[in-house]
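The values are calculated or read from the model by the stated rules, or taken from the named source; none is laboratory data. Source: prediction; values computed, not measured. Quick reminder, even Gly has a Cβ in these numbers, built from the backbone with ideal geometry, and neighbours come from all protein chains shown.
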Amino acid sequence: MSNQRRYTKTHEWITVDGKTVTMGITDFAQSQLGDVVFLELPSAGRKLAARESFGVVESVKAASDLYSPVAGRVTAVNDKLTAKPELINSDPYGDGWIMKVELTGDLPADLLDEAEYKAVTEASAG
Amino acid sequence: MVDFGGWELPQQYTSIRDEHLAVRKVAGLFDISHMGRLVVEGGAAEAYLQRLFTNDLSPLAPGHAIYTLMCHEDGGAIDDLVVYREAAGRFLVVVNAANREKDIAWMRKHIPAGVSMVDHTNDISLIAFQGPRAHELLPLHSTPTDDIAYFAFRAGKVAGVPALVSRTGYTGEDGFELFIESGLVGDVWDAILSRGKDEGVLPAGLGARDATRLEAALRLYGNDMDETVNPYEAGLGWTVKLGKGDFIGRDALAKVKETGPRRTLIGLQTAPGDIPRHGAAVSDAGRRIGVVTSGTHSFFLGHPIALALVESPSLRVGGKVTIEVRGREAPAEVVKLPFYRGSARSAVAPAKS
């Protein structure tokens, strides 16, 4: 498995390292949300089904649910986001990562690569 | 870009947070050309507007402006607006974008012979330069502003371009609203940003405008009041001058004043993350008492703030209520308005309640 970034149609990204998946929301998602002011995140140890809502991101505009693209057990959450939720805006693929999950199943088959995801965002921006 | 009363406006140019903080700490530049601009002129113009508006224009000298409401016979607010007296019989009336056509229809219905009303919304543009340092960061070749009092204005120049320079605004900060011919406004916009760039001046969008006006507890028509809300309920009883003579809505408003308003607009504060949204239910000890009319996260204050219209005369500053946030009851505290008092030099700010 590669640790290249992959995307979902609902604007999450993941990277995979062995059984560990790191996830966040995409640059397109943060730009649509506007300034993020708060995140409600799960605790380490929580088990998630694929597509399960695991938290909330509050921006100045609205509250949006966060969905896990994969089934797994939460092994880490990004504590920095508590004090600096704006990392979601300034560095969505780096310091703005949201959590790490240990896979309990397979990766979903419908993950998108960079080019496929770009097509999705261009369609919804249009 | 978002649709705002039929106008395409940017929610933010770069970041609502940065733009909001620029307005509070340095200055921000807003394009508010969506606001309606009507010129009312004629020998009977004052008497006409006195009949339409709740506030008293008679003490208003040329070169001064006043905040007022315009109400129906039943006291419900048609709009809130600012009236500028340019001369004895000439007034500039600035109304909300979304209400412009409704206002014009209402005003035309009551217009007497000998008074004209012309809509200049498209040919005169309006930009607002707002912040504690706005007065010192106007570009070269601008009219001195030291002797322009709060809610006063004068014809002058900004960056060499003719402008009506008005010391008014919607942020709680000192600053100016600049009325400029639409063909020339772009040059002034660029000159202000270029002069202020190294000092931290930013162009600011609707997001920063909404956050700063809410911190200053300045009401937003369509959110905090509408035709079902009267000025006393909106905490704007100070704009109603029952003693000035007859005006539309006077009888109904006199009754409200006598019996006390049924609802009150209050300020609420919640814990970080619990952002009250427009329309969220407000409850007191499990009993629903009203709704949030405006709410946001205040980057400047570091916590969410909200205005709510509630039926509960006994609530006082420090009182505890709950607001529905993401399907649960989030604790909220009643706080004093405005949430923040900026640099606006005001004894008669619209926020006073």
How about segment B:149-166: which of its residues are closer than 13 Å to B:F129 by Cβ and either assigned to a loop (DSSP other than H, G, I, E, B) or among the polar types (S, T, N, Q) (or both)? B:A159, B:S166
Single condition B:F339 does not satisfy, out of (1) in contact with a Pro (Cβ under 6 Å, 6 or more places away or on another chain); (2) at pLDDT 95 or above: (1)
Out of B:V291, B:V282, which single residue is without any contact (Cβ under 8 Å) to a residue 24 or more places away in the chain, outside the structural domain of B:A208 (by TED's automatic domain parsing) and crowded, with 16+ Cβ neighbours inside 10 Å? B:V291
Among residues belonging to segment B:197-221 that are within 18 Å of B:F30 (Cβ to Cβ) and out of contact with any strand residue (DSSP E or B) (no Cβ under 8 Å at 6 or more places or on another chain), point out the one that is surrounded by the fewest Cβ atoms within 10 Å (Cβ to Cβ). B:K197
Could you look through segment B:304-335, keep only residues that are surrounded by fewer than 16 Cβ atoms within 10 Å (Cβ to Cβ) and within 12 Å of another protein chain (Cβ to nearest Cβ), and pick out the one that is nearest to B:A216 (Cα to Cα)? B:R326
Filter result (surrounded by fewer than 23 Cβ atoms within 10 Å (Cβ to Cβ) and over 17 Å from the mean Cα position of the chain (by Cα)) within segment B:231-252: B:K241, B:L242, B:G243, B:K244, B:G245, B:D246, B:F247, B:I248, B:R250, B:D251, B:A252
Segment A:68-98 - residue that is closer than 22 Å to B:G302 by Cβ and of a type in the set (A, V, I, L, M, F, W, C) and, of those, nearest to the chain's Cα centre (by Cα): A:I88
Among the candidates B:S283, B:S294, B:S298, residue that is modelled with pLDDT under 95 and either within 18 Å of B:A234 (Cβ to Cβ) or hydroxyl-bearing (S, T, Y) (or both): B:S298
How many residues are under 16 Å from the mean Cα position of the chain (by Cα) and in a loop (DSSP other than H, G, I, E, B) when one looks only at segment B:55-103? 2
